[in-house]
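The values are calculated or read from the model by the stated rules, or taken from the named source; none is laboratory data. These figures come from a predicted structure and were not determined experimentally. All Cβ positions, even for glycine, are placed from backbone atoms using ideal geometry, and neighbour counts span all protein chains on display. What goes into the accessible areas is simple: the full protein's heavy atoms, side chains included, and nothing from ligands, DNA or RNA. Shrake-Rupley method; radii C 1.70, N 1.55, O 1.52, S 1.80 Å.
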Amino acid sequence: MSNDSVFRLETFGLFMGWGSSVSYHLSRVPQLWLNHKRKSVEGLSLAMFAIIFAANASYATSLLSMIPVTGLEFFYKSASYVYGPIGSIFIDIFVFIQFFTYRRARALSSDLGLP
């Protein structure tokens with residue numbers, strides 16, 4: 001394979017990696033917005049988000065632990081794959097904040113006899 005072909009293939013792979021990561025994170029924004037709008041996380045499983053959070057944290061840690069072994073070139077070439085789980089961790093933190101905020105608000109309103 002020529003250097004030009006390898007470069008194009010790497011560029012395509014980087015483009016697809018970044019596109020995938022960004023698309024995945026953008027796909028979660030409507031759920032966050034709906035939760036905010038309804039002031040409720042009804043129907044979402046806290047256990048599922050905890051498991052997803054743990055999986056993304058372990059995956060991100062494994063990728064970041066490769067930097068000392070492979071050098072920064074690996075990190076630059078795989079940055080989109082590192083961004084994927086790290087970005088998901090931040091989004092999951094917002095979901096956790098919504099869980100605890102809206103659960104507390106619901107408990108307070110029921111204590112006060114509000115609908």
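Okay, here's what the table says:
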quantity: Answer residue from the stretch 47-77, given it is open to solvent by less than 40 Å² (accessible area, probe 1.4 Å) and in contact (Cβ under 8 Å) with a residue 24 or more places away in the chain and is farthest from L9 (Cα to Cα) among those; calculated: F49
quantity: Residue in the stretch 36-45 that is open to solvent by less than 70 Å² (accessible area, probe 1.4 Å), basic (K, R) and within 24 Å of F100 (Cβ to Cβ) present; calculated: no
quantity: Test: V82 is surrounded by 15 or more Cβ atoms within 10 Å (Cβ to Cβ) and either hydrophobic (A, V, I, L, M, F, W, C) or under 30 Å from T101 (Cα atoms) (or both); calculated: yes
quantity: Number of the exception - K39 against (1) without any contact (Cβ under 8 Å) to a residue 40 or more places away in the chain; (2) under 30 Å from R104 (Cβ atoms); calculated: (1)
quantity: Subset of the stretch 1-29 that is within 19 Å of F53 (Cα to Cα) and open to solvent by less than 80 Å² (accessible area, probe 1.4 Å) - its residue that is nearest to the chain's Cα centre (by Cα); calculated: H25
